[in-house]
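Taking it in order: structure first as structure tokens, then the write-up.
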Amino acid sequence: MLSNIGIPGLIIVLVLALIIFGPAKLPEIGRAFGTTLKEFKKSTRELVSDEQPEEKKKELL
């Protein structure tokens, strides 16, 4: 989906975000997006690591 945007589309999206939210809000939005992504990755890793021991137990039986 994002591979079809290209450089011109990305520039348009960034300019629109700058116009809508203003330059003061963009760092806050970026920071919030980064922490959300970090938490999502952390929870995904925890889910995968929780499933691996269960699979090993099944293999042993």
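We did not get these values from a lab; they are worked out from the coordinates using the rules stated. Because the structure is predicted, anything quoted here is derived from the model rather than measured. We place every Cβ from the backbone using ideal geometry, glycine too, and count neighbours over all the protein chains shown.
Assorted remarks:
- Count of residues meeting criterion [within 12 Å of the chain's Cα centre (by Cα) and of a type outside the set (Ser, Thr, Tyr)] in the range 23-48: 11
- Residue list for the range 13-27, restricted to those being of a type in the set (A, V, I, L, M, F, W, C) and either outside any helix (DSSP H, G or I) or surrounded by 12 or more Cβ atoms within 10 Å (Cβ to Cβ) (or both): ALA17, LEU18, PHE21, ALA24, LEU26
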